[in-house]
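The values are calculated or read from the model by the stated rules, or taken from the named source; none is laboratory data. Remember, it's a predicted structure, so these values are computed and weren't measured experimentally. FYI the Cβ positions are ideal-geometry reconstructions off the backbone, even for glycines, and counts take in every protein chain you see.
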Amino acid sequence: MALARLIHPVDTPAVVLTDRLNGTYVASLGKALAAPCGSGVVRRLPASDVTSDGVLITPMAPPASSPAPTPPPLGSPAPLPPLTGRRIRAAIIGAGAIGRGSHHPALAQLAAEGETEVVAAVDISADAVKAFCAESGIPHGYTDLDQMLREQRPDLVTICTPPTLHREQTVAALRAGAWVWCEKPPVPTLADFDAIEAEEGLGGGPYASIVFQHRFGSASTHVRRLLAEGALGRPLVVHCQTTWYRDTAYYAVPWRGRWATEGGGPAMGHGIHQMDLLLDLLGPWSEVRGMAGRLVHDVETEDVSTALVRFANGALGTVVNSVLSPDEVSRIRIDCERATVELTHLYGHSNADWTITPAPDVPAAEVAAWRDFGPDVPSSHLAQLRELVVSMRAGERPRSSGADGRTSLELITALYKSAFTDTTVKAGDIGPGDPYYAALHGGASGWAPAESVKVSGSATEEASA
Ligand SMILES: NC(=O)c1ccc[n+]([C@@H]2O[C@H](COP(=O)([O-])OP(=O)(O)OC[C@H]3O[C@@H](n4cnc5c(N)ncnc54)[C@H](O)[C@@H]3O)[C@@H](O)[C@H]2O)c1
């Protein structure tokens, strides 16, 4: 079968790539284009291949480098070739805002550095994936994930679809031997998360890592080290705030504000970034006491939640997750014995967004060293992807996967359980058999969807609205 290769339009703005049953073709809108293959070969496509609607269609010869590995026989997930001496072949699932705006640019930057190549994109919408491939020079567009996995055998699949699809798509990719980088929120429930973990490779991968880009970058790395080394003394008091604003129009989109489609309210969809960063900086939480309210919006989920959290290191904290706050801010503040560390930003941070305020007796030289965050590397998808690629090449479990990727989801689940049951929930409490393990609303009266809710492995069979 002929293979389409990476196309960079040189003098045409749009490139459309289509897959046909009898082979893969490259089509480009416009007169002519130069097509540098992965090997650096440049082909100029003949004008005779222009179709009546002005689309160039031509089968391409197989490239000299990074071919799609031979598809394995059905049911046999043969291991992919080692990731040494070649680019990591990546596929992006979901051609929406985050796929286009963050995943592709990060992968493209690493492609320019010789690390990756984007071999395919998938979207349920043929128009969306066509447009994405055209504007981004991605050689293969699909509407069927399994077909893409079979035909392209990517090393890395990045998942940029709504949360309720993350489990099934991640499992499909892992079973095809690919590593996964899945957008937050990871999955709707702990049961989903554990099902994914059960599909990971044993030693050496493939692993599924969650996109928590706020953990990455120079400042969070620096502060994490200061805290881990005990330089700032014992952490004592913590504030974690995601106070954002989303209007009625935002919630008019039918899938928003519903457990089944959005996965959760602002604790899950918005506050997860700051809670995850806080846990990454501070270490595990041990117990939580939460409250949730539906104060403004006509939604199934909450539109605001608060929590008191005790951490394993003894620190006490408050968490606020809101979409009702006109003065929007994301903030983490950690008061330690010797200094207060504070991060104030909105959707991403750089060195300038962090302050360190010493206690009165700390020597000036030490404070200066604390405040030296090094060259500024803002938090970003790119910063996380760089580390992921290193882990892939080393065959090591990446950060933000496994237990490390699960910790904020467990805290959020516990926050909901605490809020809906009016109890304190301890870390590790929620496992198979607990209603909150299989549904974030836990079947709680007044919070679960109106229709009857089946929660697997639990006593909760019915939920009232
Ligand atoms: N890390 C961050 O800062 C950040 C920011 C925004 C969104 N996100 C997350 O990214 C994910 C996607 O959000 P978005 O804003 O890009 O959404 P979006 O609606 O813009 O894009 C989702 C895309 O997935 C496609 N899709 C739907 N079902 C599909 C299927 N079965 N197979 C393939 N494609 C399918 C849709 O057609 C759409 O193009 C969500 O989990 C969201 O929470 C993360």
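Table: residues versus (1) crowded, with 16+ Cβ neighbours inside 10 Å; (2) touching a Leu at 6+ places or on another chain (Cβ under 7 Å).
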| residue | (1), (2) |
| --- | --- |
| E199 | yes, yes |
| G203 | no, no |
| P206 | yes, yes |
| V211 | yes, no |
| S218 | yes, no |
| P235 | yes, yes |
| T242 | yes, no |
| T248 | no, no |
| V253 | no, no |
Open item on the list: Can you confirm whether T318 is under 28 Å from W354 (Cα atoms), in contact with a Leu (Cβ under 8 Å, 6 or more places away or on another chain) and away from the ligand (no atom under 16 Å from the Cβ)?
Closed with: yes
Task: Scope region 87-98; condition surrounded by 23 or more Cβ atoms within 10 Å (Cβ to Cβ) and within 8 Å of the ligand (Cβ to nearest atom); matching residues - done: I93, G94, A95
- [ ] Consider G101 carefully, then state whether it is within 16 Å of the ligand (Cβ to nearest atom) and touching a residue at least 60 places away in the same chain (Cβ under 8 Å).
- [x] no
- [ ] Tell me which residues, restricted to region 142-155, are within 11 Å of the ligand (Cβ to nearest atom) and either crowded, with 17+ Cβ neighbours inside 10 Å or part of a strand (DSSP E or B) (or both).
- [x] Y142, L145, M148
Task: Selection within region 182-218 - polar (S, T, N, Q) and more than 11 Å from the chain's Cα centre (by Cα) - done: T189, S218
TODO: Would you be able to say whether some residue in region 118-127 is within 11 Å of the ligand (Cβ to nearest atom), in the same structural domain as L174 (by TED's automatic domain parsing), closer than 24 Å to K184 by Cα and touching a residue at least 60 places away in the same chain (Cβ under 8 Å)?
DONE: no
Task: Which numbered condition A108 misses (of (1) more than 9 Å from the ligand (Cβ to nearest atom); (2) farther than 27 Å from A394 by Cβ; (3) not hydroxyl-bearing (S, T, Y)) - done: (2)
Task: Tally, over region 184-204, of residues that are more than 16 Å from the ligand (Cβ to nearest atom) and out of contact with any Phe, Trp or Tyr (no Cβ under 6 Å at 6 or more places or on another chain) - done: 9
Task: The listed residue being away from the ligand (no atom under 12 Å from the Cβ), outside any helix (DSSP H, G or I) and of a type in the set (V, I, T), out of T84, T158 - done: T84
Open item on the list: Every residue in region 368-412 that is out of contact with any Ser or Thr (no Cβ under 9 Å at 6 or more places or on another chain) and part of a loop (DSSP other than H, G, I, E, B), please.
Closed with: D372, G395, E396
TODO: With the checklist (1) under 24 Å from the mean Cα position of the chain (by Cα); (2) surrounded by 18 or more Cβ atoms within 10 Å (Cβ to Cβ); (3) away from the ligand (no atom under 16 Å from the Cβ) in hand, flag the one item P378 doesn't pass.
DONE: (3)
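Just a yes or no: is a residue in region 180-191 modelled with pLDDT under 95 and surrounded by fewer than 24 Cβ atoms within 10 Å (Cβ to Cβ)?
Going through region 180-191, the residues modelled with pLDDT under 95 turn out to be none.
There is no residue in region 180-191 that is modelled with pLDDT under 95 and surrounded by fewer than 24 Cβ atoms within 10 Å (Cβ to Cβ).
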TODO: Would you check if E168 is charged (D, E, K, R), modelled with pLDDT of 95 or more and outside any helix (DSSP H, G or I)?
DONE: no
